[in-house]
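Chemist: Structure incoming, see below.
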Amino acid sequence: MPHSAAVTRRIVRSLERDHPGATTELVYRNAFELLVATILSAQCTDDRVNQATPGLFARYPTPDALARAEPEELEGLIRATGFFRAKSRSLVGMARAVAERHGGDVPADLTALVALPGVGRKTANVVLGHALGIPGLPVDRHVLRVANRLGIAASNDPVVVEHQLGAALPPGRWTLASDTLILHGRRICKPKPLCDRCHAREDCLYAGGAASSPPAHRAAPRARGAETAAAKTRGRKTRDVKTRGMKTRDMKTTDMKKR
Ligand code: SF4
């Protein structure tokens, strides 16, 4: 069981103050461009994606234009983002589906988005939340790791974590909360966390914080996390979830097909 909704909201609000202005670092002008950029961001940094997309968008500015391309035509433009053959196929498949099923408009609907080639739940939520004004709560490896460590979620399944966070937070805060947790995961709560620089440590289960901490959840995470000095002092075992192991596995399998 994760923290109560009230504790979760308090922790997230605190993190939002620590990381003001959190948002996606992908550069885009509309939902189509964000959809393309997010697909390209699999196993790639946002900076590298942002270097590739201007040329791609100049040549294929709309879903209809991209739908008329052959995947091989894209490969040179996106090679630097890695896995360029698979990504080329995903992009053209996505564009053709948008053109054929949705008249060339990116659908503003989670179910319709995840039915597009190369589009998984995380990508769909990124596009909904940032470009279409519809609440979306993307759960990537950072959100998964940070939320479990803090105790505001308690699962290794991104969909379960999405629902746990979504139940605790108002829909209007979902996307900002996700962006905030991602930034916290990149800057502070890295795989090797910088707990001494973290303002949330008093509430953090991983760090042995004092916030409400159901015993069942303390027993759930295991194996990969290091015990903190605070936890050792109290003689308690505080364990991390297997998110680091999941990162490699996910990126090599499902992430490349459906993010
Ligand atoms: S206290 Fe440490 S483990 Fe907990 S959220 Fe902060 S950085 Fe992460």
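Read-outs: derived from the displayed coordinates by stated rules, not from any lab. Just so you know, these numbers come straight off a predicted model, no measurement behind them. Cβ atoms come from the backbone with ideal geometry, glycine included; neighbour counts cover every protein chain shown.
Chemist: Tell me the net charge near Thr8. Cut-off is 12 Å between Cβ atoms, Thr8 excluded, with +1 for each Lys or Arg and -1 for each Asp or Glu.
Modeler: Its environment carries a net charge of +3.
Chemist: Quick check on region 72-161: what are the equivalent-ellipsoid semi-axes from the Cα gyration tensor, as sqrt(5λ), descending, whole Å? Each step should come with its number before you reach the end.
Modeler: Values: eigenvalues 151, 65, 19 Å².
Equivalent ellipsoid of region 72-161: 27, 18, 10 Å, largest first.
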